[in-house]
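The values are calculated or read from the model by the stated rules, or taken from the named source; none is laboratory data. Keep in mind the model is a prediction, meaning the values are calculated, not measured. Positions of Cβ are backbone-derived with ideal geometry, glycine not excepted, and every protein chain shown enters the neighbour counts.
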């Protein structure tokens, strides 16, 4: 039977916060405090139970339960409690001890039943047992544990010795402290403290985004684990020495190191870490209870200070925080008006604790006692570093959320702290940017092991490889099209004729020749002929707008432009040579080209809107094609379609990958190169075996083929140029049963492909398909904005190196110097190309592409990688493909996320279904507000999604999967109007879901504010989450407004809303006169 209460007290502010969390996540173990002790000898369990009961008799808080009275949490103190020590026999299964300890430590407490303390003895072999005492944080803190253990030792000795338990009456009890604390928190005191904290935390990041192994769930479970950690004794001694020299404390030095590491992991310079500060006074030092308050310590790392300077900053921040510690953390959150989000803790997501609470090992009569480490299987925050000094060194543990992190990730973070701290202590004047972070083994792995790509390759230039192949298989098919074929001998002869004519015009090394031609045998011969002449070809797409062609020709200044269509508008004065005028045969010209000479110049779009020409040399092209074709057996008998325009560098593989290996190029019909139905015809007519394109084009081909039951012999697909959606490999395997898919990538500046991996099976846990590893003779490094290696899992910019690095940008030396940088980890003068791709290392060294750096956005202060949202959305079976963008929110100044998608089948999936799918993986702020279905995503000529061509999202009611029902009374009508104003949705039904209409946490606060203001009902913010439809919100408002005619108030508000300003003023004046 639960103990009956004899006294009632208000909960303290600290308890109130814990009570609220228990209501949100009932039964969480995140606020359990377990202590485990290994005992050798005979334990008198009955005496131990009486000893615990005696301690509870002295401390009211150990006889306290909790309840809600008149909507307020209260403490109910019982006259007495009887505590017994349970026993579990593990003598036959001692290997189960750790799991049983964790399970017992995590077992929920019934907060309505005192005591919130329990004890269990786990009996092992012989006279060995492990005693676990678990107490809820509502009743104790770490200091209390020392008191509990000391009093328990004395009481057990008395009980087993037949002596009475000494129990001096305490002058104060915890309930008295709670009353006193409430008396101190007057409105004036709260406002004074709140004003300080509002100023101190103004503009602070709402979320410390430590790179995680898993996406943040929409609601944290508080599941967690711990990693024991230790600082070497020598390092620990240096911490104390530096603290003394800087007039600081060891806490401040360690916190500075922790915040420096968090800054490096998050890429931020504004780091908020919480710490628990004791609220005990002298007269409560001997009292068991919850005497702590969380204080947020915000430190700026801006300006790249030295570590010593950072310690000085942390000292000032810490002293200020302690001085203003009396504002309870829940009131601080309330005063800051932080929008609540169940996916993370407000204000503070990382904690640092340096324990100074005495925790003696109990001396239990007749027993040998040693502490045992135990996890409660829970975590209050994302990350909680707790240390203490054992007399020789700092040791402790990192408690972390297993919703977010793997143990290996936390282990690396601790390693980084020890590396940085050790270097900082050796030279505190070193700037933070110069302090090492990675261990020597991590650097060696990233720089050397993961870039061990050296491989032999063929000598010569690109055209020379084609000539050698023509010598080996002169009569084999080289080019095929619906109207005929060219053998290698015939192609080589035509190219020789082009080369001879170009030589006559003065073409040689480093000379550009434009090629403005549609796909045809003449175009292929022209490209090869330019290379044979020693020049580099400049692809000019005849479909480009005239002004773009004019810019490219003016910028590149080709010696001549080869064209098969003289009707194409080229700039006046452009020297043109129609391919139709090159007839007959000619002797092969002597090759003058060197591997470092440019083979082609391809113009790519620039962030300024001004295209830039990328000059790619022969050595890079030969390396890429030779290793790709050899590795995958491309050769005679293979047939490849040229679906990419020659202005896109994937065409280099489609054309020259075939011609250097003995395969045949299949050309699409004029005007049908982008038609998936025509690709299907080519597949059937020519028996295509190899495919290369952007993922969207392969996806389109697969979609065309899925309409028929037949399968096809395509054996190899190389996709590149854009992110490969998760669903494409599986769908492609359905129509190409023997298909090998290669997910390759690399910007034009690194020669077609520089990184990649085969995709065998898509792991269900993947949020994106790995980008892969560097290809032969290439190099990939992920660096931060100061060109430092980033740890595994931490986003950085992907830099490419190796043979494939282009010469640079044509006529743009400054831009070339900006993007092509000396490799800081090579030491041989080689260069790295800054790709602009945001990526991170996986545990196995594979690179995971996260998106473009310029596709990184902030919504409500949260940093979001749009690519991450898109890949999760693409995992929904009803989505064929999608793209997510940040667009202006018509309801306010903020931006909102908009998802554009193509349904995988007939009909549109309900928004509720899509949101539920995303919310299983992503936090609220990463779920798009609006979902827009499209028949197809707009594509650029290169097959990439053209974001600029996406339509406006509009304000129409989306497809919700529920029938529209209009408001039926004034309360529902008024709430619909509020939603309309906040969400900017034209039509709202009473059963529509707030969040499916695009609502977010910030919108919820606006709704609550308007309801409170207009309906005179105190509506809690939680109501929007618990009652997310108009009908349910209306019911909640009526219930909350008991005693008020809510309908009449709503009707009045509706009438006032329809009045002009003049009419409202007149009405108010009439009321005043009355």
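Of the candidates 300, 306, 221, the single residue that is in the same structural domain as residue 433 (by TED's automatic domain parsing), touching a residue at least 60 places away in the same chain (Cβ under 8 Å), closer than 30 Å to residue 334 by Cβ and surrounded by fewer than 19 Cβ atoms within 10 Å (Cβ to Cβ) is 221. Per the conditions (1) part of a loop (DSSP other than H, G, I, E, B); (2) at pLDDT below 95; (3) surrounded by fewer than 24 Cβ atoms within 10 Å (Cβ to Cβ), the sole criterion not satisfied by residue 580 is (1).
Each row is one residue, and each column tells you yes or no for (1) at pLDDT 95 or above; (2) over 33 Å from the mean Cα position of the chain (by Cα).
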site: 202; (1), (2): no, no
site: 242; (1), (2): yes, yes
site: 248; (1), (2): yes, yes
site: 260; (1), (2): yes, no
site: 280; (1), (2): no, yes
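Only one of the listed residues (362, 371) is surrounded by fewer than 18 Cβ atoms within 10 Å (Cβ to Cβ) and either in a helix (DSSP H, G or I) or more than 36 Å from the chain's Cα centre (by Cα) (or both). That residue is 371.
So that you can scan it fast, the table gives a plain yes or no per residue for (1) modelled with pLDDT of 95 or more; (2) closer than 14 Å to residue 55 by Cβ:
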residue	(1), (2)
88	yes, no
118	yes, yes
151	no, yes
159	no, yes
164	no, no
168	no, yes
183	no, no
189	no, no
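Could you tell me which residue of the stretch 733-755 is nearest to residue 629 (Cα to Cα), considering only residues that are assigned to a strand (DSSP E or B) and out of contact with any helix residue (DSSP H, G or I) (no Cβ under 9 Å at 6 or more places or on another chain)? Full working, then the answer.
Applying the first criterion (assigned to a strand (DSSP E or B)) to the stretch 733-755 yields 740-745, 755.
Filter once more, keeping what is out of contact with any helix residue (DSSP H, G or I) (no Cβ under 9 Å at 6 or more places or on another chain): 740, 745, 755.
Working: 740: 13, 745: 16, 755: 15 Å.
By that ranking, first place goes to 740.
Looking at the structure I just gave you, is residue 692 in contact with a helix residue (DSSP H, G or I) (Cβ under 6 Å, 6 or more places away or on another chain), crowded, with 20+ Cβ neighbours inside 10 Å and in a loop (DSSP other than H, G, I, E, B)? No. Would you confirm, using the coordinates I've provided, whether residue 574 is surrounded by fewer than 22 Cβ atoms within 10 Å (Cβ to Cβ), over 24 Å from residue 668 (Cα atoms), in the same structural domain as residue 599 (by TED's automatic domain parsing) and modelled with pLDDT under 95? Yes; evaluated as a whole, the condition is true for this residue. Tallying residues that are over 24 Å from residue 876 (Cβ atoms) and crowded, with 18+ Cβ neighbours inside 10 Å within the stretch 723-744 yields 2.
Is it the case that some residue within the stretch 137-147 is touching a helix residue (DSSP H, G or I) at 6+ places or on another chain (Cβ under 9 Å), outside any loop (DSSP other than H, G, I, E, B) and surrounded by 18 or more Cβ atoms within 10 Å (Cβ to Cβ)? Within the stretch 137-147, one or more residues are touching a helix residue (DSSP H, G or I) at 6+ places or on another chain (Cβ under 9 Å), outside any loop (DSSP other than H, G, I, E, B) and surrounded by 18 or more Cβ atoms within 10 Å (Cβ to Cβ). Considering the stretch 329-358, and only residues there that are under 28 Å from residue 393 (Cα atoms) and out of contact with any strand residue (DSSP E or B) (no Cβ under 8 Å at 6 or more places or on another chain), the residue that is surrounded by the fewest Cβ atoms within 10 Å (Cβ to Cβ) turns out to be 358.
Every condition in (1) under 30 Å from residue 535 (Cα atoms); (2) surrounded by 16 or more Cβ atoms within 10 Å (Cβ to Cβ); (3) without any contact (Cβ under 8 Å) to a residue 24 or more places away in the chain is met by residue 474 except one, and the failing one is (2). The residues listed here are 512, 491; of these, the one that is within 47 Å of the chain's Cα centre (by Cα) and in the same structural domain as residue 668 (by TED's automatic domain parsing) is 512. Restricting attention to the stretch 107-126, the residues being in contact with a strand residue (DSSP E or B) (Cβ under 6 Å, 6 or more places away or on another chain) and either surrounded by fewer than 23 Cβ atoms within 10 Å (Cβ to Cβ) or in contact (Cβ under 8 Å) with a residue 40 or more places away in the chain (or both) number 12. Scoring residue 455 on the criteria (1) free of Cβ contacts under 8 Å to residues at least 12 places away in the same chain; (2) surrounded by 11 or more Cβ atoms within 10 Å (Cβ to Cβ); (3) within 17 Å of residue 775 (Cβ to Cβ) leaves a single failure, condition (1). Tell me, yes or no, whether the stretch 60-76 has at least one residue that is out of contact with any helix residue (DSSP H, G or I) (no Cβ under 6 Å at 6 or more places or on another chain), within 23 Å of residue 367 (Cα to Cα), in contact (Cβ under 8 Å) with a residue 60 or more places away in the chain and not assigned by TED's automatic domain parsing to the domain that holds residue 289. No, that holds for no residue.
Set side by side, the residues 643, 652, 666 differ, and just one is over 38 Å from the mean Cα position of the chain (by Cα), crowded, with 23+ Cβ neighbours inside 10 Å and within 22 Å of residue 543 (Cβ to Cβ), which is 666.
Which of the residues that make up the stretch 443-467 are part of a helix (DSSP H, G or I) and within 19 Å of residue 616 (Cβ to Cβ)?
At the first step, the residues of the stretch 443-467 found to be part of a helix (DSSP H, G or I) are 443-447, 449-451, 462-467.
Once the filter is applied, which keeps residues that are part of a helix (DSSP H, G or I) and within 19 Å of residue 616 (Cβ to Cβ), the stretch 443-467 yields 462, 463, 464, 465, 466.
Scanning the stretch 776-798 for residues being under 20 Å from the mean Cα position of the chain (by Cα) and either part of a strand (DSSP E or B) or within 13 Å of residue 830 (Cα to Cα) (or both) gives a total of 7. On inspection, residue 524 does not qualify as free of Cβ contacts under 8 Å to residues at least 60 places away in the same chain, assigned to a helix (DSSP H, G or I) and within 30 Å of residue 637 (Cβ to Cβ). Residue 922 satisfies every condition listed in (1) in contact with a strand residue (DSSP E or B) (Cβ under 6 Å, 6 or more places away or on another chain); (2) modelled with pLDDT under 85; (3) buried (at least 19 other Cβ atoms within 10 Å of the Cβ) except (1).
If a residue has to be in contact with a strand residue (DSSP E or B) (Cβ under 7 Å, 6 or more places away or on another chain) and either surrounded by 16 or more Cβ atoms within 10 Å (Cβ to Cβ) or in a loop (DSSP other than H, G, I, E, B) (or both) to count, how many in the stretch 163-181 make the cut? Quick ask: steps written out before the conclusion?
The first filter runs over the stretch 163-181 and keeps only residues in contact with a strand residue (DSSP E or B) (Cβ under 7 Å, 6 or more places away or on another chain), leaving 175, 178-179.
Adding the requirement that they be either surrounded by 16 or more Cβ atoms within 10 Å (Cβ to Cβ) or in a loop (DSSP other than H, G, I, E, B) (or both) leaves 175, 178.
Total meeting the criteria: 2.
Tell me, yes or no, whether the stretch 1019-1027 has at least one residue that is within 37 Å of the chain's Cα centre (by Cα), crowded, with 21+ Cβ neighbours inside 10 Å and modelled with pLDDT of 85 or more. No; the residues of the stretch 1019-1027 include none that is within 37 Å of the chain's Cα centre (by Cα), crowded, with 21+ Cβ neighbours inside 10 Å and modelled with pLDDT of 85 or more. With respect to the conditions (1) within 35 Å of the chain's Cα centre (by Cα); (2) over 20 Å from residue 472 (Cα atoms); (3) modelled with pLDDT of 95 or more, residue 625 lacks only one, and its number is (2). Meeting the requirement of 2 or more residues that are under 21 Å from residue 103 (Cα atoms) and at pLDDT 90 or above, the strands (runs of 3 or more DSSP E) wholly within the stretch 1-71 are 32-40.
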